[in-house]
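The values are calculated or read from the model by the stated rules, or taken from the named source; none is laboratory data. From a predicted model like this one, the values you see are computed outputs, not experimental measurements. Positions of Cβ are generated from backbone atoms using ideal geometry, with glycine treated the same way; all protein chains shown enter the neighbour counts. Remember, those area values only see protein heavy atoms, side chains included, never the ligands or the DNA or RNA. Shrake-Rupley method; radii C 1.70, N 1.55, O 1.52, S 1.80 Å.
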Amino acid sequence: MLGLAASRLGEYDAALAALGRARALEISSLELRSRVQFETALVLNRTGQHDAAFDVLRALRERAVRTAPP
């Protein structure tokens, strides 16, 4: 939650640090984990790290495809 708040306040370095810690925790809630990844991609994009943002979004999509019901 700290990373989401920092992102909204425009404190992108703090947001990336907190979001990175959250991603390392392997959050059990699929919804929250997806939100953390999406927010990470937004912050990376806002800080000019477009390729890294795309990589995060690609991983998010791949997980969604793997876990989607048939």
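Which angle between 0 and 90 degrees, to the nearest 10, do you get for helix 50-67 versus the longest principal axis of the chain when only C-alpha atoms count?
30
Specify the angular offset, from 0 to 90 degrees and rounded to the nearest 10, of the alpha carbon long axis of helix 12-24 from the longest principal axis of the alpha carbons in the chain.
Once rounded, the angle reads 30 degrees.
Express the carbon and sulfur contribution to the solvent-accessible surface of the chain as a percent, rounded to the nearest whole number, probe 1.4 angstrom.
Numbers: 2800 of 4810 Å².
Of all accessible area on the chain, carbon and sulfur atoms account for 58 percent.
So, with +1 on the Cβ of K and R and -1 on the Cβ of D and E, and no other charges, what is the size of the charge dipole of the chain about its Cα centre, to the nearest 20 debye?
With only Lys, Arg, Asp and Glu charged at Cβ, the dipole is about 200 debye.
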